[in-house]
Amino acid sequence: MASLGLPLLLLCAASQAILMFSISTAAYPSNPGADTAECFLSDKHEELIPVRREVYDGGRIMDISHRYTPDLPSWDSMGSLGQFLWLRGSMKNGSLANFSEMKLPTHTGTHVDSPGHFFDHYLDAGFDVDTLDLEVLNGLALLIDVPRDKNITAEVMKDLNIPKGTRRVLFRTLNTDRRLMFKKDYDTSYVGFMKDGAKWLVENTDIKLVGIDYLSAAAHEDLIAAHLVFLEGRPMIRVL
């Protein structure tokens, strides 16, 4: 789905019983009972604790997504996200299954921009977010602090001296200090990339993923121009 700010409606169904077969490893222990030939619901009422998948290939997985809450700010909106998740069916209330409904704009919280976000020809050709390279979206990233008193310009990018070969960079700015992602209203004074900063990054680095700590990678005063620089090449991914 292209990131166009259109409402997103997801129906999530939870089945009563799911049988999964897996190979148990230290990083990924199997589901309880999956390693046996028996398949039944236990009547022992033991405490159920979900396994958190936070380890992979000897390293720890760091999910940089902001938690979705009703107080989360939403793009270009005065007021917070509000209620976005409903339990439409509950077994406690007599439904056959538990199922939820979720509705929110695609520019909410931590998200990525599709190549078609600002280019109709990419959108028409089908370059949605599902065409983004998952290998770029997952892996080691450089977390770097930028000067707190300005937007990210070409001068700022030069002074950061980001090593050649770096593919993923998370830019920590004044937005984090101001805790903008924890304020309900959209704030146009956030720090982001100016056009010349985006152009310098594209032309002088090996970066393929740009992460920033607010709802847009482009500064509000250079919103369209900086987005066009980032999105024109398509391989560049922005995590916001």
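The values are calculated or read from the model by the stated rules, or taken from the named source; none is laboratory data. Everything numeric in this text was worked out from a predicted model, so none of it was measured. With ideal geometry, Cβ positions are generated from the backbone for all residues, glycine too; neighbour counts draw on all protein chains shown.
Some values worked out for this structure:
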item: Residue among D149, D71 that alone is assigned to a loop (DSSP other than H, G, I, E, B), in contact with a strand residue (DSSP E or B) (Cβ under 7 Å, 6 or more places away or on another chain) and of a type in the set (D, E); result: D71
item: Residue within region 24-39 that is touching a strand residue (DSSP E or B) at 6+ places or on another chain (Cβ under 9 Å), at pLDDT below 85 and of a type in the set (S, T, Y) present; result: yes
item: T153 over 30 Å from Y56 (Cα atoms), at pLDDT 90 or above and hydroxyl-bearing (S, T, Y); result: yes
item: The one condition in (1) modelled with pLDDT under 85; (2) surrounded by 12 or more Cβ atoms within 10 Å (Cβ to Cβ) that H121 fails to fulfil; result: (2)
item: Among (1) surrounded by 14 or more Cβ atoms within 10 Å (Cβ to Cβ); (2) free of Cβ contacts under 8 Å to residues at least 60 places away in the same chain - the single one G94 does not satisfy; result: (1)
item: Some residue of region 56-64 being under 25 Å from D213 (Cβ atoms), at pLDDT below 85, of a type in the set (F, W, Y) and in contact with a Gly (Cβ under 9 Å, 6 or more places away or on another chain); result: no
item: Test result for V136, outside any loop (DSSP other than H, G, I, E, B), touching a residue at least 60 places away in the same chain (Cβ under 8 Å), β-branched (V, I, T) and under 27 Å from D63 (Cβ atoms); result: yes
item: Region 142-179: number of residues that are touching a Ser or Thr at 6+ places or on another chain (Cβ under 6 Å) and without any contact (Cβ under 8 Å) to a residue 40 or more places away in the chain; result: 1
